[in-house]
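Below is one structure; the comments refer to it alone.
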Amino acid sequence: MDGNGRWARTRKKPTVFGHRAGADAVRRCVTAALEHGVSFLTLYAFSSENWRRAPDEVSDLTALLRYYLRHKVAELHAEGVRLRVIGELSRFETDLADEIRRAEKLTSRNQRLTLVLALSYGARSDVLQAARKLALMASEGKIDPATITEVQFASCLQTHGLPDPDLIVRTSGEQRLSNFLLWESAYSELAFLDVFWPDFTENHFEQLLSDYASRERRYGGRLDEEACK
Ligand code: IPE
Ligand code: MG
């Protein structure tokens, strides 16, 4: 979700306006996912690199997060949304981290849509902690390094139990992954929208779904075996 700052700047408003409008776009996107039967939606709301922003902006973002947890979780729960967070929660203030854990617990049995929030998330650090976990198990003689499988590695990532993303969308015209789900995105389809995140609507969501439906996913193989003869 990119472009909140530029959206605000083009309106000569402070950045926080863009983040607030971005939070409204989150609601629209979640509603669209529910309406279209999407089962998993991951939102990259705050990267581990975002801590480098000015303290005022960081506190605006955490205040927004706190507000939404307090006021929107009940609504999401009623809609059958299961919340799950990936990222280094320990970097947030304890009361906020506790509130996030409570929201996960409250919604843990919901099945309609799993909404994954990536908060203080960085894919490299997740891959690294998985490697450390496996290295420790190997050093304790619990596993044989030579037999570690991709499935076993994936089970050590914070995204364990979640399917790899079918489609990754980045808004605002930037074309990079910026440390998002690097392991999990190996075969994801990518889409780059020239729209600032606060302008994202259900129409964009529908357009993305129909573009996705027309793509042919081969996972390195050939769909048309005839072509090999
Ligand atoms: C994305 O919008 C929102 C967050 C990082 C939380 P940006 O704040 O990165 O917007 P631009 O890139 O400055 O336009
Ligand atoms: Mg940005």
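The values are calculated or read from the model by the stated rules, or taken from the named source; none is laboratory data. None of the values given here were measured: they were computed from a predicted structure. With ideal geometry, Cβ positions are generated from the backbone for all residues, glycine too; neighbour counts draw on all protein chains shown. Remember, those area values only see protein heavy atoms, side chains included, never the ligands or the DNA or RNA. Shrake-Rupley method; radii C 1.70, N 1.55, O 1.52, S 1.80 Å.
One quarter of the surface of the convex hull around the alpha-carbon atoms of region 4-214 equals 13.0 nm², the direction-averaged projected area. Contact order, relative form, for region 154-195: 48 percent (alpha carbon pairs under 8 Å, 6 or more residues apart, mean separation divided by residue count).
Taking the Cβ-Cβ separation of residue 91 and residue 210 as r and a Förster radius of 41 Å, what is the calculated FRET efficiency to the nearest 0.05? Spell out each step's value before the answer.
Values: r = 38 Å, r/R0 = 0.93.
It comes to 0.60.
Give me the dipole magnitude in Debye, nearest 20, for region 1-112 about the Cα centre, with unit charges on the beta carbon: positive for Lys and Arg, negative for Asp and Glu. Walk me through the numbers on the way to the answer.
On the way: 21 positive and 15 negative charges, 57 e Å.
Dipole of region 1-112, to the nearest 20 debye: 280 debye.
Given a Förster radius of 41 Å and the C-beta distance between residue 70 and residue 186 as r, what FRET efficiency does 1/(1 + (r/R0)^6) yield to the nearest 0.05? Walk me through the intermediate numbers first.
Details: r = 37 Å, r/R0 = 0.90.
Step by step, r from the Cβ atoms, then E = 0.65.
Since only 71, 169, 139 are under comparison, the one whose Cα sits farthest along the positive direction of the charge dipole of the chain, derived from C-beta charges on Lys, Arg, Asp and Glu, is 71. For trypsin sites (Lys or Arg not before Pro), the sites in region 104-145 that DSSP calls loop and that have at most 12 other Cβ atoms within 10 Å are 109, 142. For region 105-210, GluC sites (Glu not before Pro) meeting the loop criterion (DSSP other than H, G, I, E, B) and having at most 13 other Cβ atoms within 10 Å: 140, 174.
Protein heavy-atom surface of the chain, 1.4 angstrom probe: 51% of the accessible area is carbon and sulfur, with nucleic acids and ligands not counted.
Between residue 6 and residue 111, full extension at 0.36 nm per residue minus the direct alpha carbon distance yields a gain of 34.2 nm. Protection proxy ranking of 76-87, 212-223, by the mean of other Cβ atoms within 10 Å over each peptide's residues and highest first, is 76-87, 212-223.
Within straight-line reach of residue 142, meaning a Cα separation under 28 Å, sit the following lysines at least 8 residues removed in sequence or on another chain: 133.
Ordered by solvent-accessible area of protein heavy atoms (1.4 Å probe), largest first, the residues 210, 48, 90 come out as 90, 210, 48.
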